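In what follows, a structure is listed as structure tokens, so that the remarks can point back to it.
The values are calculated or read from the model by the stated rules, or taken from the named source; none is laboratory data. Quick caveat, the model's predicted, so the values are computed rather than measured. Using ideal geometry, Cβ is built from the backbone for each residue, glycine included, and neighbour counts are taken over all protein chains shown.
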Amino acid sequence: MADSKEVASRVLTGEAEAPKETCKGSTSTPAEGGTDSKEFEGAIGGMRDPSKINEEEDSDEEEDDYEDDLDDDDIEDEDDGEDHEGFMSMLQNFIMSKLDLSGHGEVEKVLEEVSVEGVVKYIKSGQCKNIITMAGAGISTSAGIPDFRSPGTGLYNNLEKYNLPFPEAIFDIDFFKSNPKPFFVLARDLYPGAFNPTPSHWFIRLLHEKGLLLRHYTQNIDTLEHVAGLPAEKVVEAHGTFRTSHCIACHKEYSQEWMKEEIFKDNIPSCTECSGLVKPDIVFFRENLPTRFFHLMQSDFPKCDLLLIMGTSLTVQPFAMLINNVPSSCPRLLINREKAGTVDPMMAMLQGMLSSSGSGLALDSPRNTRDVALLGDCDDGCVKLVDMLDWKEDFEKLLTSSKKDDKAE
Ligand code: OAD
Ligand code: ZN
């Protein structure tokens, strides 16, 4: 077989045809792609100058205060290159798995049985030391925050009052520049601080307390994982944060307090230096993900012993592609109301013939040796896992302490 990395890089450099999902900076807009599209949504595909983003260097040892942690503005220009490398290595993994160029025939079987029971046994065995959680809006819906794509209740189905050209325009950087009002009205409605963590968030915290959580990757900007007490270095906010804001013209930084005041005064925040628009550092469609995402995904995913995917439709790239970056034997458990991230039936059939690995979750493949779905509400799924793992007492302690904190405030 040809050198797989070489083939993948030929695809990347345009010498071979790239799968549509892998087009960084794709010109496909959410409007063209549609919300059901598995294509690269155009979200998160453009360029955001990493030197203008608040970032901290990673360190597992760091236990700094969360606010301080995110206030370091220490990204150098060279991070542009690392961003690029991270993105390219992610694309290579994706393409290699998509084209089945990974070169491994039989994959090591980690789970005794491919079921929730099998996953629980694996966790109990002590062999599973590094769990990565990947989350989306579904872990926060029970807190009262709508997700994006659920029929009827999803945010993108309920934005008529804003008179948007297409629902995702609310998070589209070009639309924002021409009409920022809808975003700021929404920001007021969904402003972090008004909601409490869900049992799913507490479950992730419990994984950390048990020493099993390597990292939590979230697409959410509601900060509920931090409210649930996860240390900052354990969390990667792939789609950014409300904690800091920047002027989109001169890049002057503004604090969360400043932005909050502007939002609640119904102002369109404008820069005190240059009158440019000031935008919270959440990642809009066509903007780049934070540098921290690209740094950490490269070192974390090869170490992963178990991937827990919770409450996400896995439709937005590059986040969705992360599921392909774990080792080919690494079990993946999806906890969601519906199946997500599965290979389309034709690909599944082809890959079933070729190997048991491949892109996407192989939930319906006869060759599946590692992917499990726990379908239903995330909170129920987490509580079920807690029961099966005999962690009930510790879980209740966390929940009780959170209620005490509420009363104290
Ligand atoms: P979506 O709305 O696309 O998907 C949420 C998934 O969670 C769906 O599969 C739901 O069925 C499921 N779900 C909802 N509530 C649930 C619950 N209580 N228990 C279990 N499952 C539940 O949200 P995301 O995948 O997070 O990006 O969307 C990804 C990105 O799309 C967002 O970060 C946002 C958006 O465009 C930006 O704003 C840049
Ligand atoms: Zn400015």
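Would segment 205-219 turn up any residue that is at pLDDT below 95, away from ligand 1 (no atom under 16 Å from the Cβ), not in a strand (DSSP E or B) and not hydroxyl-bearing (Ser, Thr, Tyr)? Show your work before the answer.
Residues of segment 205-219 at pLDDT below 95: none.
Within segment 205-219, none of the residues are at pLDDT below 95, away from ligand 1 (no atom under 16 Å from the Cβ), not in a strand (DSSP E or B) and not hydroxyl-bearing (Ser, Thr, Tyr).
I need a count of the residues in segment 138-160 that are over 22 Å from PRO192 (Cβ atoms) and either within 16 Å of ligand 2 (Cβ to nearest atom) or not polar (S, T, N, Q) (or both).
So the first thing to find is which residues in segment 138-160 are over 22 Å from PRO192 (Cβ atoms), and the list is 151-152, 157, 160.
Now restrict to residues that are either within 16 Å of ligand 2 (Cβ to nearest atom) or not polar (S, T, N, Q) (or both): 151-152, 160.
The qualifying residues number 3.
Filter segment 303-333 for residues that are part of a loop (DSSP other than H, G, I, E, B) and within 13 Å of ligand 1 (Cβ to nearest atom) and give the result. Don't jump to the end; show me each part of the working.
Initial filter on segment 303-333 (part of a loop (DSSP other than H, G, I, E, B)): 304-305, 311-318, 325-331.
Answer for segment 303-333, where residues must be part of a loop (DSSP other than H, G, I, E, B) and within 13 Å of ligand 1 (Cβ to nearest atom): GLY311, THR312, SER313, LEU314, THR315, VAL316, GLN317, PRO318.
Please state which one of MET259, MET321, MET297, MET310 is of a type outside the set (Lys, Arg) and within 16 Å of ligand 2 (Cβ to nearest atom).
Details: MET321 fails: within 16 Å of ligand 2 (Cβ to nearest atom); MET297 fails: within 16 Å of ligand 2 (Cβ to nearest atom); MET310 fails: within 16 Å of ligand 2 (Cβ to nearest atom).
Just a single option satisfies the conditions, and that option is MET259.
What do you reckon, is ARG292 of a type outside the set (Phe, Trp, Tyr), in contact (Cβ under 8 Å) with a residue 60 or more places away in the chain and on the phi > 0 side of the Ramachandran plot? I'd like the intermediate steps shown before the answer.
Details: of a type outside the set (Phe, Trp, Tyr): yes; in contact (Cβ under 8 Å) with a residue 60 or more places away in the chain: yes; on the phi > 0 side of the Ramachandran plot: no.
So ARG292 does not fit the description; no.
Which one is farthest from LEU306 (Cα to Cα), of the residues in segment 361-373 that are surrounded by fewer than 20 Cβ atoms within 10 Å (Cβ to Cβ) and touching a Lys or Arg at 6+ places or on another chain (Cβ under 9 Å)? Talk me through it step by step, then tell me what you get.
Restricting attention to segment 361-373, the residues satisfying the condition of being surrounded by fewer than 20 Cβ atoms within 10 Å (Cβ to Cβ) are 363-364, 366-369.
Checking the rest, the ones that are also touching a Lys or Arg at 6+ places or on another chain (Cβ under 9 Å) come to 363-364, 369.
On the way: LEU363: 16, ASP364: 19, THR369: 13 Å.
Looking at residues that are surrounded by fewer than 20 Cβ atoms within 10 Å (Cβ to Cβ) and touching a Lys or Arg at 6+ places or on another chain (Cβ under 9 Å), I get ASP364.
Which one of PRO151, PRO146, PRO192, PRO197 is part of a loop (DSSP other than H, G, I, E, B) and touching a strand residue (DSSP E or B) at 6+ places or on another chain (Cβ under 9 Å)?
On the way: PRO151 fails: touching a strand residue (DSSP E or B) at 6+ places or on another chain (Cβ under 9 Å); PRO146 fails: touching a strand residue (DSSP E or B) at 6+ places or on another chain (Cβ under 9 Å); PRO197 fails: touching a strand residue (DSSP E or B) at 6+ places or on another chain (Cβ under 9 Å).
Only one candidate qualifies: PRO192.
Can you name the number of the only condition in (1) touching a helix residue (DSSP H, G or I) at 6+ places or on another chain (Cβ under 7 Å); (2) within 30 Å of ASN325 (Cβ to Cβ) that PRO231 fails?
Failed condition: (1).
Give just the number: which of (1) assigned to a helix (DSSP H, G or I); (2) over 30 Å from ASP189 (Cα atoms); (3) away from ligand 1 (no atom under 16 Å from the Cβ); (4) modelled with pLDDT of 95 or more does MET353 not satisfy?
MET353 satisfies all of (1) assigned to a helix (DSSP H, G or I); (2) over 30 Å from ASP189 (Cα atoms); (3) away from ligand 1 (no atom under 16 Å from the Cβ); (4) modelled with pLDDT of 95 or more except (4).
State whether one or more residues within segment 178-194 are under 19 Å from the mean Cα position of the chain (by Cα), at pLDDT 95 or above and aliphatic (A, V, I, L, M).
No.
Does ASN288 satisfy the criteria of being in a loop (DSSP other than H, G, I, E, B), of a type outside the set (Asp, Glu) and surrounded by 19 or more Cβ atoms within 10 Å (Cβ to Cβ)? Show your work before the answer.
Details: in a loop (DSSP other than H, G, I, E, B): yes; of a type outside the set (Asp, Glu): yes; surrounded by 19 or more Cβ atoms within 10 Å (Cβ to Cβ): yes.
When the stated conditions are applied, ASN288 passes them.
Among (1) away from ligand 1 (no atom under 16 Å from the Cβ); (2) within 26 Å of ALA137 (Cβ to Cβ); (3) part of a loop (DSSP other than H, G, I, E, B), where does THR272 come up short?
(2)
Okay, residues lined up against (1) in contact with a Ser or Thr (Cβ under 6 Å, 6 or more places away or on another chain); (2) closer than 22 Å to THR218 by Cα; (3) among the acidic types (Asp, Glu):
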{"position": "PRO146", "(1), (2), (3)": "yes, yes, no"}
{"position": "ARG149", "(1), (2), (3)": "yes, yes, no"}
{"position": "THR153", "(1), (2), (3)": "no, yes, no"}
{"position": "ASN163", "(1), (2), (3)": "no, no, no"}
{"position": "ASN179", "(1), (2), (3)": "no, no, no"}
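Could you tell me which numbered condition HIS246 fails, if it satisfies all but one of (1) within 16 Å of ligand 2 (Cβ to nearest atom); (2) under 16 Å from PRO290 (Cα atoms); (3) surrounded by fewer than 22 Cβ atoms within 10 Å (Cβ to Cβ)?
Going through the list (1) within 16 Å of ligand 2 (Cβ to nearest atom); (2) under 16 Å from PRO290 (Cα atoms); (3) surrounded by fewer than 22 Cβ atoms within 10 Å (Cβ to Cβ), HIS246 breaks only (3).
Given the residues ILE173, ILE132, which is the only one that is in contact (Cβ under 8 Å) with a residue 24 or more places away in the chain, under 25 Å from ASN288 (Cα atoms) and surrounded by fewer than 21 Cβ atoms within 10 Å (Cβ to Cβ)?
ILE173
Can you say whether ASN267 is in a loop (DSSP other than H, G, I, E, B), farther than 26 Å from ILE139 by Cβ and of a type in the set (S, T, N, Q), as far as the supplied structure shows? Spell out how you get there, then give the answer.
On the way: in a loop (DSSP other than H, G, I, E, B): yes; farther than 26 Å from ILE139 by Cβ: yes; of a type in the set (S, T, N, Q): yes.
When the stated conditions are applied, ASN267 passes them.
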